Amino acid sequence: MPKLDICFSPELLPLYDLRGKVAVIVDILRASSTIVTALGEGVTHVFPVASLDECTAYGQEHGCLTAAERDGLAAPGFDLGNSPFGFLDAARPVRGRALTISTTNGTAALRRSLAAESVIIGSFLNLAAVADFARRQQRDVLVVCAGWKGQFCLEDTVFGGALAERLSADFDVRGSDATLAALNLWEQGKGDLSAYLLQSAHVRRLNSLEASKDFEFCLRIDSYDAVLPVWREDRL
Ligand code: 3SL
């Protein structure tokens, strides 16, 4: 039976062997939720890049939309920040456009996970699509939590627990303490996810930045249940 494990921070990635595995990159607040929303709203493909300079260069080279965030704020000089609502604004239609995006933790976590056999983006919004993909692959899964500047984030880990619960019939989800802990946290929080995650440091950070509606949006389970961003060559 394949195993599901959870890496609590990209800083811990050197302790894991990604070869042959499915890496699920998770940054619930907000990069992975924003990428899923962008694709769900008709963006054709996404170039996730680590640096702001790369974001500018990709935007120029591909003539695509640019989105960038640093420290929770939209970075100046780009079309969009990192709010999913940027892709839901009727005044700025995104359907049919490509996008390049750079965020503090999420896109960097993805770029550090490319040794995996498959790299996909996970969020509560597309939980069903992620679980279906993992079942079809029948490979070990590593949930890579983007965290915050190398530190543990509650919301990313709780997502790992939600995925472990969905996959518990087909995967070994009891083989690591990380997964056991994530399952326990999910069990604690799932009855009222938004009340539970209000405690998290990043939610407090976002609230102070007036991004609290993003928080509620990012917790909508399966609202883009057919969207599965898969890394291919240089894009999702
Ligand atoms: O760090 C990231 O990748 C972002 O998702 C953080 S924020 O939600 O935009 O603050």
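FYI, it's all coordinate maths here, none of it is from the lab. Remember, it's a predicted structure, so these values are computed and weren't measured experimentally. Note that each Cβ is placed from the backbone with ideal geometry, even for glycine, and that neighbours are counted across all protein chains shown.
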- The relative contact order of the chain, taking Cα pairs under 8 Å that sit 6 or more residues apart, comes to a percentage of 34
- Query: How much of the DSSP beta bridge set in the chain is antiparallel, as a percent to the nearest 5?
  - Reply: 20
- Can you list, largest first and rounded to whole Å, the semi-axes you get for the stretch 136-236 by taking the square root of 5 times each eigenvalue of its Cα gyration tensor? 24, 18, 14
- Once the dipole of the stretch 4-218 is set up with Lys and Arg at +1 and Asp and Glu at -1 on Cβ about the Cα centre, which of Gly106, Thr44, Gly77 lies farthest towards its positive end? Thr44
- Applied in sequence order to the stretch 94-108, the curve 6.51 cos²θ - 1.76 cosθ + 1.60 (Karplus, θ = phi - 60°) yields integer Hz couplings, x standing for Gly and Pro, of 10, 4, x, 9, 8, 9, 10, 9, 9, 10, 4, 10, x, 6, 5
- Picking from Gln137, Gly59, Thr34, whose Cα lies most toward the positive end of the charge dipole for the stretch 1-142 (charges on Cβ: Lys, Arg +1; Asp, Glu -1)? Gln137
- Measuring from the longest principal axis of the C-alpha atoms of the chain, the long axis of helix 31-40 (C-alpha) lies at a number of degrees, nearest 10, equal to 70
- Message: For the stretch 106-191, take every pair of Cα atoms, bin their distances at 5 Å starting from 0, and report each bin as a whole percent.
- Response: 3, 14, 25, 26, 22, 8, 1, 0
- Can you tell me what the convex hull of the Cα atoms of the chain projects to on average, as an area in nm²? 11.6
- Counting only residues 5 or more apart in sequence or on a different chain, those whose built amide H sits under 5 Å from that of Ala68 are Ala75, Leu80, Gly81, Ser102
- Query: Straight-line reach from Lys190: which aspartates and glutamates have a Cα under 19 Å away, not including same-chain ones fewer than 8 places off?
  - Reply: Asp27, Glu155, Asp156, Glu165, Asp214, Glu216, Asp222, Asp225
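Using a simple charge model, +1 on the beta-carbon of Lys and Arg, -1 on the beta-carbon of Asp and Glu, nothing else, what dipole does the chain show about its Cα centre, in debye to the nearest 20?
It works out to roughly 160 debye.
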- Note on the structure: Here, Ser168 and Arg135, labelled 7 Å along Cα→Cβ, have an inter-label distance in nm of 1.6
- Could you tell me, in Å, what Rg and Dmax come out for the Cα atoms of the stretch 166-214? 14.2, 41
- In which sequence would His202, His62 go, from the one with the fewest C-beta neighbours within 10 Å to the one with the most? His62, His202
- Task: Could you go through the stretch 217-225 in sequence order and give the Karplus-derived ³J(HN,Hα) for each residue, using 6.51 cos²θ - 1.76 cosθ + 1.60 with θ = phi - 60°, rounded to whole Hz, and x for Gly and Pro?
- Result: 4, 5, 9, 6, 6, 6, 6, 10, 6
- Item | Selection from Ala90, Phe215, His202, by position along the positive dipole direction of the chain (Cβ) | Ala90
- For Arg97, which sequence-distant residues (separation of 5 or more, or a different chain) have an amide H within less than 5 Å of its own amide H, given hydrogens modelled in the peptide plane? Thr44
